[in-house]
């Protein structure tokens, strides 16, 4: 991550420490090396605690500066930390010596520290002090770009269920100006490559198929040849359920909503079958699931148990005879007659509530869509298309789901 982003995160954590005493949690970005800690903070020094006083939202600690490395020139300095006993607060004791990493607040320049930094008693800071002194003397080694690869277990709603676990044996690539180096994560999920001087580096992970990530790449900035940058990357289990829905005669059922729900039916994820009746629902955490289908009363069609990153490929799933589903097809066009690729088509009931009863059907590059309805039932169809920060939509078209019905044509346009 860029240094500015790193500082903003640390500042946010310090703000949490000093402003929200009741929130006894502290989510930190792990600072893995002295080099990362040094170059991503504003002040680094060895100091002896002279006094600790209460201040607004925390404690104000006055240090006698014994050895200054970065951002400190005075013989004494005040540093803010959170309230005594808070999880984000550093526990200082009068008369003891510490290596302090402190960040300057926006605007006022006041220094603050928290457990999210590498601040620690001097007897625990040998590696940090050695690095800072080497920098001061000009004998520090070249910097590096590194980080940690973690797998975060989630539930179906996207909330973490356990602490993240490191992932080893995965290739991470670090590129700058078209030149690339790679490293493989160790048992702790750590990786590192030597830097090639100051500049911006792109960190990219070769994500194994049993995982997915929100951000496959990260850009980090290295301000100096001796500086380091940290790019932690989080992966998530990518379990999958796929299959094909067919009617009692073995014919595929396109455009029908499929739902993968937890065993207690409290959480679910939905998709829609393609023109061949196939579905593929991924990014599922490990667990037991019920596969259901339908747009009126969903029917359980299968039960599956997924391990982390596994794939359950179901055989053709035969639907019951009732209700009988028929495909409703058509085209979605722009006002100039070109296909509205990427639009979505929604199926609404024609009753008083006019609820959307199906997952939206995607529109392909030819403008085509297909969505399933219950035979003999009245519906309304409409399409929506997002473009250039504007939402375009079609008029609602009433129709009855019948076998052999004519294709429905929808035209999306900007209404405001």
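The values are calculated or read from the model by the stated rules, or taken from the named source; none is laboratory data. Model, not experiment: these values are computed from the prediction. Positions of Cβ are generated from backbone atoms using ideal geometry, with glycine treated the same way; all protein chains shown enter the neighbour counts.
May I ask you to say which residue of 291, 328, 260 is surrounded by 19 or more Cβ atoms within 10 Å (Cβ to Cβ), at pLDDT 90 or above and closer than 22 Å to residue 382 by Cβ? I'd like the intermediate steps shown before the answer.
Working: 291 fails: closer than 22 Å to residue 382 by Cβ; 260 fails: closer than 22 Å to residue 382 by Cβ.
The conditions single out 328.
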* Structure fact -> Of the residues in segment 186-206, those that are closer than 25 Å to residue 135 by Cβ and not in a loop (DSSP other than H, G, I, E, B) come to 190, 191, 192, 193, 194, 199, 200, 201, 203
* Structure fact -> When residue 332 is run through (1) under 30 Å from residue 133 (Cα atoms); (2) part of a strand (DSSP E or B), the failure sits at (1)
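Tell me which residues, restricted to segment 161-199, are touching a residue at least 40 places away in the same chain (Cβ under 8 Å) and surrounded by fewer than 15 Cβ atoms within 10 Å (Cβ to Cβ). Walk me through it before giving the result.
Looking only at segment 161-199, we keep the residues that are touching a residue at least 40 places away in the same chain (Cβ under 8 Å), and these are 161, 164, 167, 172, 188-195.
Within segment 161-199, 161, 188, 194 meet the criteria.
Out of the strands (runs of 3 or more DSSP E) lying entirely within segment 207-324, which hold 1 or more residues that are more than 19 Å from the chain's Cα centre (by Cα) and free of Cβ contacts under 8 Å to residues at least 40 places away in the same chain? Break it down into steps so the answer makes sense when it comes.
Values: elements: 217-222, 233-237, 239-246, 257-262, 268-272, 278-284, 287-293, 299-306, 311-318.
Hits in segment 207-324: 257-262, 278-284, 287-293, 299-306.
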